[in-house]
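Heads up, the thing below is written out as structure tokens.
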Amino acid sequence: MQGRTPVFIVTSSRPRVGKTLIARALTEFFCVQQRPVLAFDVNPDEFKLIDYLPAHTAAASITDTRGEMALFDQLVLSDQVPKVVDLGHMLFDRFFAVMQQIDFAIEARRRAVVPMVLFVADPDDRARQGYAMLKDRFPDLALVPVLNEAVPQLKRYSGNFPPVSRGGDAVTIPALTPVLRSVIDRRGFSFVAYAAKTTDTTAELYTWMARLFVTFRELEVRLLLGELKPGLKRSA
Amino acid sequence: MAKPAVVLVGADKGGVGKTTVSRALVDYLIAHNIPIRAFDTEYPRGTLKRFHPDVTEVVDITSTTDQMKIFDTLASSEAKVTVIDIRAGLLSTTLKALRDIGFLDAAAKTQLTFTVFHILGPSIASLDEIQETASFMDDAHYILVKNFINNTTFFDWDPATYNSYFKQIKDAHEITIPKLNELAYEGVELAAVPYVSFVANKAANGQTAAFSFVLRGYVRHWLGTVWAEFDRVKLIDMVAAETQRKSAARQA
């Protein structure tokens, strides 16, 4: 498994579905393990991720070729540093159009860079379309639907996001009570600092984090094992 | 023994991206393991030579000595395909000269194969070029190239007029070269390497370069599209059918 560089792209074709929260938690998931991590905030007007995690995050723009170079030249580096991309809905189409145009997948495979798209679901039809587009245009991409319990009526729309073989089953992000949500939304709040401080491991926030981090661990294993599977088949 | 093939790349106007097409073509033939040589008629400076110095020689196509250098060596040369990048404004002149030296007759008697890439310019004037050039083209493969590499908004010609010209030519094909991202285009220009090397991140001296992955991606995608156009008109069959078969047999 060594030598691979995971790239997590947290995105959705819909706004306000919890992308940045997931990207934050995922970035801090690596920090907790004292692993290096590099996050990219790809949002057109307001940068959010970078406000929470300035030390690990770079603001990225893909509105011109130079911006694309700055972002994708980093994403394709085989430095074994996990990357987290918080990709806003406004740049969703643009990002994947560029990714296809420059044949990101070919170069990534050559350099053992393994991308995974975490697509945060939403009841709106545009989310279903965005997901279907990724599924059609990138059949080899590890694409995972993320069902955020904080986005209401989950049961009614989860069928819009059928799992794909390379990505595996959907993962669920538990909802937090509004009070806790307002706590973690405070600028400067850090999951790592909270976990280091807290003594009560039964607290809601702690349990929530633990569940989330177990999910992330599973996703990382899924991603790295998924890359191994074809190799195993060949040698069999 | 394979028939020697000559490929002319030309336009009657400058600045239509002629050398761009020659470069993609040279890359394509090399990628297909076809032994080639190229002549750059941008005398004395040379433009194609800057990108493909190993296979390119700069010549003055208007001088008889240099014409001999090209055409008298067709049969003896190792290279089965000779690509000639014709300087702006010299396409008709060159074709006339070729007729005068009996080259076109030889092509007619199928002693060699002759292909012309005619790069079209944005103005209506170049339709007349088609007609002028076409008069020499009875026994050649004729490929009209709509080159969009530097420009997205040309060819607002009346399709009916265009087709009436186009249909006059026997065995004519039409290919389209898509636009290449400006920065990517600039990147290759500055690097002065073949497109293939740029994509493979190789500098002119063979060392690993530090070209942007994004720009390389754009070039790879663009080159793939251009080569697909060459495939579509079965360029390999036109210029090197026999060479190709032979190498296939060797592999088998």
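The criterion of at least 2 residues that are within 14 Å of chain A (Cβ to nearest Cβ), modelled with pLDDT of 90 or more and closer than 20 Å to B:His52 by Cα is met, among helices (runs of 4 or more DSSP H) falling completely within segment B:154-252, by B:182-191, B:195-199, B:213-232. The residues of segment A:112-123 that are buried (at least 23 other Cβ atoms within 10 Å of the Cβ) and either aromatic (Phe, Trp, Tyr) or within 11 Å of chain B (Cβ to nearest Cβ) (or both) amount to a single one, A:Phe119. The residue pairs whose first member lies in segment A:25-47 and is basic (Lys, Arg), whose second member is outside any helix (DSSP H, G or I), and whose beta carbons are closer than 7 Å, counting only pairs six or more residues apart or on different chains, are A:Arg35/A:Pro82.
Here B:Asp54 does not fit the description of being more than 17 Å from B:Ala192 (Cα to Cα) and acidic (Asp, Glu). Of all residues in segment B:1-29, those satisfying the criterion of being farther than 18 Å from B:Lys49 by Cβ and assigned to a loop (DSSP other than H, G, I, E, B) are B:Met1, B:Ala2, B:Lys3, B:Pro4, B:Ala11, B:Asp12, B:Lys13, B:Gly15, B:Val16.
Does A:Thr172 satisfy the condition of being part of a strand (DSSP E or B) and out of contact with any Phe, Trp or Tyr (no Cβ under 8 Å at 6 or more places or on another chain)? Yes; evaluated as a whole, the condition is true for this residue. Restricting to segment A:126-170, name every residue that is among the polar types (S, T, N, Q) and either closer than 22 Å to A:Arg211 by Cα or surrounded by 14 or more Cβ atoms within 10 Å (Cβ to Cβ) (or both). Of everything in segment A:126-170, those that are among the polar types (S, T, N, Q) and either closer than 22 Å to A:Arg211 by Cα or surrounded by 14 or more Cβ atoms within 10 Å (Cβ to Cβ) (or both) turn out to be A:Asn148, A:Gln153, A:Ser158, A:Asn160. Those residues that are more than 17 Å from A:Ile106 (Cβ to Cβ) and buried (at least 16 other Cβ atoms within 10 Å of the Cβ), I need them from segment A:68-88; list them, please. Hits for segment A:68-88 are A:Met69, A:Ala70, A:Leu71, A:Gln74, A:Pro82, A:Lys83, A:Val84, A:Val85, A:Asp86, A:Leu87, A:Gly88.
Looking only at residues of segment A:89-111 that are within 13 Å of chain B (Cβ to nearest Cβ) and acidic (Asp, Glu), we find that the one that is surrounded by the fewest Cβ atoms within 10 Å (Cβ to Cβ) is A:Asp103. Within segment A:54-69, the presence of at least one residue that is closer than 23 Å to A:Asn148 by Cβ and more than 11 Å from chain B (Cβ to nearest Cβ) is confirmed.
Condition check for B:Leu91 on (1) more than 20 Å from B:Val16 (Cβ to Cβ); (2) of a type in the set (A, V, I, L, M); (3) buried (at least 17 other Cβ atoms within 10 Å of the Cβ): one failure, at (1).
Helices (runs of 4 or more DSSP H) fully within segment B:30-115 that include at least 2 residues being under 22 Å from B:Asp171 (Cα atoms): B:91-100, B:103-108.
Condition check ((1) within 22 Å of the chain's Cα centre (by Cα); (2) surrounded by 20 or more Cβ atoms within 10 Å (Cβ to Cβ); (3) within 27 Å of B:Val7 (Cα to Cα)) across all residues:
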| site | (1), (2), (3) |
| --- | --- |
| B:Val188 | yes, yes, yes |
| B:Asn205 | no, no, no |
| B:Leu223 | yes, yes, yes |
| B:Arg232 | yes, no, yes |
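Selection of segment B:203-238 for residues being in contact with a strand residue (DSSP E or B) (Cβ under 7 Å, 6 or more places away or on another chain) and either among the acidic types (Asp, Glu) or closer than 12 Å to B:Pro178 by Cα (or both) yields B:Val226, B:Glu229.
The values are calculated or read from the model by the stated rules, or taken from the named source; none is laboratory data. Just so you know, these numbers come straight off a predicted model, no measurement behind them. Counting neighbours? That spans all protein chains shown, and the Cβs are built from the backbone with ideal geometry, glycine included.
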